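The values are calculated or read from the model by the stated rules, or taken from the named source; none is laboratory data. Treat the numbers as computed from the prediction; the structure is a model and nothing was measured. Glycine gets a Cβ as well: all are built from the backbone with ideal geometry, and neighbour counts include every protein chain shown. In case anyone asks, the SASA skips ligands and DNA or RNA and just uses the protein heavy atoms, side chains included. Shrake-Rupley method; radii C 1.70, N 1.55, O 1.52, S 1.80 Å.
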Amino acid sequence: MRTLYLTFHVYLAFVTKSFQKRMQYRVANLAGLTTNFFFLLVHIFVYTAFYAARTGPLSLNLNEIITYFVLCQVFFMLMPFWGARSEVTSAIKDGSVALQLTKPVDFQAYWFSDECGRACYYLLMRGLPTFLISIIFFAVAIPTQPITVMAFAVSITLATFMSAAITITVFSFAFWTLDTTGFSGLSYSIITLFSGMLVPIALWPEWLAHIAAWLPFGGLIDIPFSIYLGKITGMDIWIAIGKQMIWVVFFLGLGRILLKRGFSRLVIQGG
Amino acid sequence: MHHLSLYLHFVKLRIRSQMAYRLSFVLDLFAQASISVIDFFMIALLFNRFKELAGWSLWEVGFLYGMIGICFAVAEMMGRGFDVFQRNVVRGEFDTMLVRPLGTFYQVFAHEFLLRRLGRIAQALAVLLIANSQLDISWSLGKVGFLLVSLVSGTCFFIGLFVIGATSCFWTVQSIEIINIFTNGGVFMGSYPFSIYRWWFRHFFTFIIPLACVNYFPSLFLLEKVASSGVPPLGVQLAPYAGFLFLGVTMLFWRWGVLRYQSTGH
């Protein structure tokens, strides 16, 4: 029990360190916030124009679409999309991974903690302000049922875990290609598409939405946001959350295998 | 002439160094293309659901998208030196450039060349060509010339944005990431007809940051939408030159910035 506590304590320290590291960059965060709002604004302009010319009823009304894209910007930095990733990711290329390997901790868990600290930082410093300001300027829907709020909290936490697990998996490929920009670019474009980040899956044609349902990436955006908007209710909430859990475990496992294989063939770069 | 041959030499060196990680290079080329394919695929999905956007059809929007995509990708390929300029300032490397017998603007420009953007250029060009085949535009020599001028001007516009970002490093050392709003954000908003934006937004991106001038106005002319848009025809004709003007102004800004440069020490 005591060792378990100690282990947890160590990783919690990594989470805090990761959080504190990012607190240094206040101006960068302000710039990021502005960028979030810019993209939000353009999205709202575009969808408002599209909705103005619509003919039939849609599964999401304009208010819900606006809320959806507000949520996208609120949680954008928590997701495994393009954007500044954790420093651990460049460690393989510049050789500093050697230093990290000397630490008597599990590498994946260390990396996972770093990602979690990062997520906490962006939730607090980027997500929360984006949400609060959006409430003032746009018609953001707020869930009223306590069960919805609770389920959303669980679901978005799982989405964050999944994001961290995916990031580790994707960057483990650096052991093979060293420069990951190509591979990660390719994976991120697929992840971004099937998460529902660009266009809500509810607006997709049926055949494509069907493919998305079988892929894990809806667990990042589509599932939590649909829960928030009350599009998934009752028992379905628990099925959706269960799906997220399975995929988190899957990516943690995959990342673990890749890391193990990778370390066995690791050549330290640089000196 | 000397400048040109030196530039080509630099480009050759850059390409060789990027080929060092070959597998990654190929993957990146595909990644570049796939990201933009998905971008456009998403626009197509929306049109599948909504049919039209403020009187614009899918392929008319595709035309806009192709134009801005080409300009941005070429600008990124050529103007990369300004895009990553903050590195030079942080490390104090700009000092070396100051003592060389060549203009600083030229040196930074020739410093980098990002071959991998070819993937993105190819995709944007493909969208433009498909859009053209679907649209039945009556091309004339004048129109082709107008398109080319607009594309070059659009490229200048984006390079100008990179120059602003780079110049700001003389004051802030770290680059101001706000410029991403205009570069990446510019591509995003430039992919849709400007008439969907609010007036203050439209005016800002016409008169201060002339994004509309290099993309939206030229396509109004090329797609024969000038009359229905309510934009003065003379303005549409002159609009593309704003990109050149913009680059010129940013070059002056650069020159002024260099005078303010204080080394981070070495």
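Placing +1 at every Lys and Arg Cβ and -1 at every Asp and Glu Cβ, with all other atoms neutral, what dipole size does the protein assembly as shown have around its Cα centre, in debye to the nearest 20?
On the way: 36 positive and 22 negative charges, 208 e Å.
In debye, rounded to 20, the protein assembly as shown gives about 1000.
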**Degrees between helix B:179-190 axis and first principal axis of chain B (Cα, 0 to 90, nearest 10)** = 20
**Message:** Can you sort B:GLU60, B:GLU93 by solvent-accessible area, 1.4 Å probe, largest first?
**Reply:** B:GLU93, B:GLU60
**Protein accessible area in the range B:182-266, 1.4 Å probe - carbon and sulfur %** = 67
**Item:** Over the range B:2-258, volume per residue of the alpha carbon convex hull, in Å³
**Value:** 142
**Message:** Quick check for me: using +1 on Lys/Arg Cβ and -1 on Asp/Glu Cβ, what's the dipole size of the range B:82-170 about its Cα centre, in debye to the nearest 20?
**Reply:** 120
**Request:** Working from Cα positions, state the angle (0 to 90°, nearest 10) between the long axis of helix A:107-122 and the longest principal axis of chain A.
**Result:** 40
**Asked** What relative contact order, as a whole-number percentage, does the range B:2-258 give when Cα pairs under 8 Å and 6 or more residues apart are counted?
**Response** 25
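Rounded to the nearest 0.05, what FRET efficiency do A:ALA141 and B:MET251 give with R0 = 41 Å and r taken as the Cβ-Cβ distance? Could you check?
Efficiency at R0 = 41 Å is approximately 0.30.
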**Request:** Working with all protein chains in place, sort B:SER150, B:SER138 by solvent-accessible area computed with a 1.4 Å probe, largest first.
**Result:** B:SER138, B:SER150
**Prompt:** By how many degrees, 0 to 90 and rounded to 10, does the Cα axis of helix B:2-18 deviate from the longest principal axis of chain B?
**Reply:** 90
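Report the Rg/Rh value for chain A, based on alpha-carbon coordinates and the Kirkwood definition of Rh.
Over the Cα atoms of chain A, Rg/Rh equals 0.98.
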**Fill in**
Descending accessible area (1.4 Å probe), largest on the left, turns A:LEU124, B:LEU211 into A:LEU124, B:LEU211
**Request:** Check cross-link reach from B:LYS12 to the aspartates and glutamates: straight Cα distance under 15 Å, and skip same-chain residues fewer than eight apart.
**Result:** B:GLU112
**Asked** Using 1/(1 + (r/R0)^6) with R0 = 45 angstrom and r between the beta carbons of A:VAL249 and B:ARG49, what's the FRET efficiency to the nearest 0.05?
**Response** 0.85
**Fraction in percent of alpha-carbon pairs per bin - 10 Å, the range B:1-128** = 12, 32, 28, 18, 9, 2
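What percent do you get for the relative contact order of the range A:2-264 when only Cα pairs under 8 Å and 6+ apart count?
Result for the range A:2-264 is 26 percent.
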**Request:** Among A:ARG261, A:ARG22, A:ARG54, determine the one that fluctuates most according to a GNM of chain A built with springs between C-alpha atoms less than 10 Å apart.
**Result:** A:ARG54
**Request:** May I ask for the accessible area buried between chains A and B, both sides summed, probe 1.4 Å, to the nearest 100 Å²?
**Result:** 3400
**Asked** Taking only pairs that are 8 or more places apart or on different chains, how many Lys pairs in the range A:2-264 have Cα atoms under 24 angstrom apart?
**Response** 8
**Asked** Counting each DSSP H run of 4 or more residues in chain B as -39500 (n - 2.57), what helix-only mean residue ellipticity at 222 nm follows after dividing by all residues, to the nearest 500 deg cm²/dmol?
**Response** -23500 deg cm²/dmol
**Fill in**
For A:ARG126, the net charge from surrounding residues (Cβ-Cβ under 14 Å; K, R +1; D, E -1) works out to +2
**Prompt:** On average, how much area does the Cα convex hull of the protein assembly as shown cover when viewed from any direction, in nm²?
**Reply:** 27.7
**Prompt:** About the Cα centre of the range B:2-258, what is the dipole size in debye to 20, counting +1 per Lys and Arg Cβ and -1 per Asp and Glu Cβ, all else neutral?
**Reply:** 360
